[in-house]
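All of the numbers you see were taken from the coordinates with simple rules; none came from a lab. Quantities reported herein were computed from a predicted structural model and do not represent experimental measurements. Cβ coordinates were reconstructed from backbone atoms using ideal geometry, including for glycine residues, and neighbour counts include every protein chain displayed.
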2 protein chains.
Amino acid sequence: MSDIFFEELSLPNPTINLAICTTSPYQQLAEIIEKTGQYIVDDKPDVVCVWGDTNSSLGAAIAANKTHTMLCHIEAGCRSGDFRMAEEYNRILIDNLSDLLFPVAQCDSLNLTNEKIHGRITFLGDPLFDAFLYNRNRVLSNWIKTMSDFADFSILLTLHRAENVDSPVIIKRILKAINSIRSGKVLFPIHPRTRKMIEEFGLADLVDNEVVTTTEPLGYFEMLKILDQCDAVITDSGGLQKEAFFAQKTCITLRKSTEHLDTIRLKVNILIDPESESLDNLSEICSNAKKIGDTFKYISEMPYGDGHSSIQIVNAILDEISNNKTIIK
Amino acid sequence: MSDIFFEELSLPNPTINLAICTTSPYQQLAEIIEKTGQYIVDDKPDVVCVWGDTNSSLGAAIAANKTHTMLCHIEAGCRSGDFRMAEEYNRILIDNLSDLLFPVAQCDSLNLTNEKIHGRITFLGDPLFDAFLYNRNRVLSNWIKTMSDFADFSILLTLHRAENVDSPVIIKRILKAINSIRSGKVLFPIHPRTRKMIEEFGLADLVDNEVVTTTEPLGYFEMLKILDQCDAVITDSGGLQKEAFFAQKTCITLRKSTEHLDTIRLKVNILIDPESESLDNLSEICSNAKKIGDTFKYISEMPYGDGHSSIQIVNAILDEISNNKTIIK
C-alpha cells in the first residue's frame, strides 16, 4: 500500500530494503535490530532519524543506541495514555533513547518535558502540515470540483484499528450509527482487512447502500480532494485526525483516546468511545459538523507550526552533526 | 564468574540457558529478544520478572511486552543521570515497559514517580539486604576473626568499569592515589580485565607492594568477611556501594555519578570523580573512615527496607497474578 505514496509524492526509492519477513512482533523487532545494527556498523551514518511509533522505528532506535550513534526522533512526545496499544510503548521507548527530539505539536512537547526525557527537545512544527499545504495547492489548483467523483459525499469515513474492526459487536455498532446519519452521504475508502471482517461478520448490508459507499483505499492526492470537499471526517486513524485539522474540517474520532490532544483541546475533534452510549450522538454531531467547523475561524494559534517545519528540522539536525564533529572525543 | 554465587548461596541451577553467544550489544539484544520471546510463547509464563539493568534484563522485558506478558522489574527506578552508561538507557526502558515495579530504595521510588512511569510502583525494600543479613549471620558465626587471612587489611578496593580501567591516565591516577594511603593496608580483589590492563599499561609496581595487595576475585562469603573486617570500601561497582552500606562501612565511590543516591544523601558514601582533583583527598578521607562510619549510629531510617523484602515482593507478584486471572478478558 506504500507504493502510491512514493509515486504521488515523487519520493526517491529507498536505498536499501531490509526485507524483514518475520511475523510475530518480538521476532520482527529482533530482526530489525539485528539488520539495522549491521547496516549502521557497516555504513557508519552520523545520525539515525526515525519517525513515529512503529516497530521499525523502535528497532532502528535501539540499534542506534547500542552502536552509539546519534538518534533523532521526529513526531516525538505523542501520548494517548492507552497502554493496550503497542504503539504507546514504542513511542515512550524511542523518546527515551533519543538525543534529538522533534515533537510535531505543542502538547507533545509538553509531554516530553513532563516525563523529564533527557534528550534535546525542539518544537519546530509538523512536516506533515508542510506536505499538506504544498500538495493541496498543487492538487486543488488543477482540479475542477464540479467534475469530481466525490461531489456527492459530505462525510469521509475510515476504519482500520483492530479494536474496532475485529469485534463483530463493535463494528456492527459503528456501522449502524453511521447508517443513522441523515445529513449527508458517507464515502468509506475501505481497508482490505476491514472489508474482509465486514464480509465475515455478514454486515455487508450496512455498507454500499443509500448512506454509505465504499471505495478501494485512496491515494494521498485523492484524500486531499475529498478532505477539501467534505464537511466532516469520521475515523480511527492517527494521521487522518491531523489531516482533517489541516484541512479545517470537523473530525469525529472513534477511539477511547487519542494522541492528538491539541485538536481535542481546540474543540474541532470529538472523541467517541465506540463501546459507549455516546456513539448514539454520531448523527447529531454530523448534522452540526459545518457549525463546529466554524470554530476554525476563531483559532488564532497553529499547534503544528508554520508550514516550514521540514527544512527547519533538517537544518537543526545538520547543525547538531557539525557541532558534534568539532568536539574531540 | 557466576558459578561461585550459585554454589555458595545454594541456588538451584537454571532450568534453561539461552546460550547467547553473540558479542556486539545490538546482536546480543536481538538474540535475547528472539530466544526469550520464543520461550515465552512456548512456555506461557504468567509473569516475566527481570532484575537490574543488563542487556539480558532489557531483552527479556521487550520480549514480555511484545508477547503481552505481565512484566515485573525488581531494582526499578535506579538513575545515575549519566547517559554515557548503556545501563542508564536499559534501566529507563525496562521501567517504562513494566507492569509491576519494585524499587529497592526510597529514592528510586521517587525517581519513578517524577518520570510519571505508568506501571504500579511498590517500595518493599531490597532483597540484597535480606541476603546480606541472612548470609552474614551464617558466615560470621562460623568465622574466627583472628584466624582470618584478611586481618591485615582495613581497606577493600574494587575496580572494573571501562571508564576507570581502560584509560592508562585514569587508572594510573587512581592507583597513585591509593598508594598515597597511610591509614591502613588495601586488599584489591582484582577483575581479570583490570589485571590485564594494569599489566598492559606497565603499572604493576602500583599493586602488590607495601600498600596494595591483589587477590583473585572473591566469592560472596569472602566479601562478607572482608566487609565485616574493614574500615572503608573504595569501589566503582554499583552493588558493593550498597553492600558497604548494609555492613555499615564508609564507602568511597570512584565515579562521576552513582545511582545509589540514598547512600550519598545519608553522608556515608563519598563520590569522587577520578578525573577531578578531589582524588587528591582520598588518603585523608581514608584516615577519617572510622569517624565517617560513626554516622551510621545516627541514621534512624533504613532506605533498603526491613530485611524481609524478598517474601513481600514474591507475595505481591502472586497476588497480582491471581487478581489478573479472576478478570475475564
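For chain B, the Kirkwood estimate of the hydrodynamic radius, built from every pair of different alpha carbons, is 21.3 Å.
Scanning chain A for GluC sites (Glu not before Pro) that sit in a DSSP loop and have at most 13 other Cβ atoms within 10 Å, the longest stretch containing none of them is A:1-209. Direction-averaged projected area, Cα convex hull, the protein assembly as shown: 33.7 nm², rounded to one decimal. Put a plus charge on the Cβ of each Lys and Arg, a minus charge on the Cβ of each Asp and Glu, and nothing anywhere else: the dipole of the protein assembly as shown about its Cα centre is then about 840 debye. Springs join every pair of Cα atoms under 10 Å in this Gaussian network model of chain A, and among A:Cys286, A:Cys49, A:Cys230 the largest mean-square fluctuation is at A:Cys49. Annotation note: trypsin sites (Lys or Arg not before Pro) in segment A:60-167 located in DSSP loop regions with a Cβ neighbour count of at most 16 within 10 Å are A:Arg84, A:Lys116. What residues from segment B:91-110 fall in the zone where the backbone N is under 12 Å from a label point 7 Å along the Cα-to-C-beta line of B:Asn323? Within reach of a label on B:Asn323: B:100-101.
Zone of A:His308 (label point 7 Å along Cα→Cβ, backbone N under 15 Å): which residues in segment A:114-128? Output list for this probe position: A:124-127.
Position A:Lys116: other-copy label points at 1.3 nm, ordered by increasing distance, label point 7 Å along Cα→C-beta. Note on A:Glu277 and A:Arg120: the extension gain reaches 52.3 nm, defined as 0.36 nm multiplied by sequence separation minus the Cα-Cα distance. If you plug the beta carbon distance of B:Ile16 and A:Leu133 into 1/(1 + (r/R0)^6) with R0 = 56 Å, you get a FRET efficiency near 0.50.
Summarising the label geometry, the points placed 7 Å from Cα in the beta-carbon direction at B:Val47 and A:Tyr220 lie 4.7 nm from one another. Sort segment B:1-105 into rounded, prolate or oblate with this rule: let a ≥ b ≥ c be the square roots of the eigenvalues of the Cα gyration tensor; rounded if a/c is under 1.5, and if a/c is not under 1.5, prolate when a/b is larger than b/c, oblate otherwise. Judged from the Cα gyration tensor, segment B:1-105 comes out rounded (a/c under 1.5). When a/c is below 1.5 the answer is rounded, else prolate if a/b is larger than b/c, else oblate, so apply that to segment B:176-218 with a ≥ b ≥ c taken from the square roots of the Cα gyration tensor eigenvalues. Oblate is the answer for segment B:176-218, as a/c is 1.5 or above yet b/c matches or exceeds a/b. Using a 7 Å projection from Cα along Cα-to-Cβ, the label point at B:Cys21 is separated from the same position in the remaining copies by 2.5 nm, smallest value first.
On a per residue basis, the convex hull of the C-alpha atoms belonging to segment B:130-298 measures out at 112 Å³.
Relative contact order of chain B, taken over Cα pairs closer than 8 Å and 6 or more residues apart, is 16 percent. For chain A, the longest principal axis of the Cα atoms and the long axis of helix A:55-66 meet at an angle of about 10 degrees. Working note: 222 nm ellipticity from helices only, DSSP H runs with n ≥ 4, each -39,500 (n - 2.57), summed and divided by the residues of chain B, gives -13500 deg cm²/dmol to the nearest 500.
Taking all C-alpha pairs of segment A:47-135, those more than 15 Å from each other amount to 55 percent. What angle, in degrees between 0 and 90 and rounded to the nearest 10, separates the Cα long axis of helix A:127-141 from the longest principal axis of the Cα atoms of chain A? Once rounded, one gets 50 degrees. Computed from the C-beta positions of A:Leu203 and A:Glu301 and an R0 of 41 Å, the FRET efficiency is 0.50 to the nearest 0.05. Computed over segment B:113-200, the quotient of the alpha carbon radius of gyration and 2.2 N^0.38 Å is 1.59.
Determine the shape class of segment A:201-329: with a ≥ b ≥ c the square roots of the Cα gyration tensor eigenvalues, call it rounded for a/c under 1.5, and otherwise prolate if a/b is greater than b/c, oblate otherwise. The shape class here is prolate.
Sorting B:Lys325, A:Lys176 from the fewest to the most surrounding beta carbons within 10 angstrom yields B:Lys325, A:Lys176.
Result for chain B in a Gaussian network model with C-alpha springs under 10 Å: among B:Tyr89, B:Tyr298, B:Tyr134, the largest mean-square fluctuation is at B:Tyr298.
Hey, fewest Cβ within 10 Å first, where do B:Phe129, A:Phe83 land in order? Provide the component values of the computation, followed by the final result.
Values: B:Phe129 24, A:Phe83 14.
Lowest count first: A:Phe83, B:Phe129.
Dipole size of chain A about its Cα centre, with +1 on Lys/Arg Cβ and -1 on Asp/Glu Cβ: approximately 420 debye, rounded to the nearest 20. Here A:Lys185 is the anchor, and the lysines within straight C-alpha reach of less than 19 Å, apart from those fewer than 8 places off in the same chain, are A:Lys145, A:Lys172, A:Lys176, A:Lys225, A:Lys249, A:Lys290, A:Lys291. Where chain B is carried onto chain A by rotation, the Cβ closest to that axis, with its residue and distance in Å, is B:Ala30, 2. Output the 0 to 90 degree angle, nearest 10, between the alpha-carbon long axis of helix A:168-179 and the longest principal axis computed from the alpha carbons of chain A. Taking Cα atoms only, the helix is inclined about 60 degrees.
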